[in-house]
Amino acid sequence: MLEKAGDSEAKVFFYRIKGDYNSYISEYAENKLKQQVSDGVSNAYKAANDLEKDLPASHPISLGFELNYPVYYLQVLGDHAKAFKIAIIT
């Protein structure tokens with residue numbers, strides 16, 4: 001699906017969904033699987049973050065992404081400082 005996404009809006013949406021999906025799995029995964037899905041979250045959210053700058057700050061897809069990105073660091077990884085930094089920067 002991602003290959004067929006034509007504009008930044010569609011790509012951000014799909015990368016966000018991919019990151020969210022892996023984030024949910026990482027909440028319960030252990031060991032090697034947790035590392036794999038955590039890498040998947042990081043890669044997907046990084047790609048979404050790079051493209052999201054093309055969208056207006058008030059765009060619903062942008063707002064949803066901006067919420068989920070720091071929540072992953074806060075709730076799944078327990079990295080409060082990184083979550084705060086992402087939330088403040090965005």
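The values are calculated or read from the model by the stated rules, or taken from the named source; none is laboratory data. Just so we're clear, the structure is a prediction, and the values are computed from it rather than from any experiment. Here Cβ is always computed from backbone atoms with ideal geometry, including for glycine, and neighbour counts include all displayed protein chains.
So the values come out like this:
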quantity	calculated
Residues (touching a residue at least 12 places away in the same chain (Cβ under 8 Å), part of a helix (DSSP H, G or I) and within 17 Å of Ile89 (Cα to Cα)) located in the stretch 43-61	Tyr45, Ala47, Ala48, Asn49, Leu51, Glu52
Yes/no for Ser26 being more than 22 Å from Ser62 (Cβ to Cβ), touching a helix residue (DSSP H, G or I) at 6+ places or on another chain (Cβ under 8 Å) and modelled with pLDDT under 90	yes
Selection within the stretch 42-61 - over 14 Å from Phe14 (Cβ atoms) and surrounded by 14 or more Cβ atoms within 10 Å (Cβ to Cβ)	Ser42, His59
Residues (exposed (fewer than 12 other Cβ atoms within 10 Å of the Cβ) and either on the phi > 0 side of the Ramachandran plot or not in a helix (DSSP H, G or I) (or both)) located in the stretch 28-41	Tyr28, Glu30, Asn31
Residue ID - surrounded by the fewest Cβ atoms within 10 Å (Cβ to Cβ), chosen from residues in the stretch 62-90 that are modelled with pLDDT under 90 and not in a helix (DSSP H, G or I)	Gly78
Some residue of the stretch 7-21 being of a type in the set (Gly, Ala, Ser), at pLDDT below 90 and not in a helix (DSSP H, G or I)	no
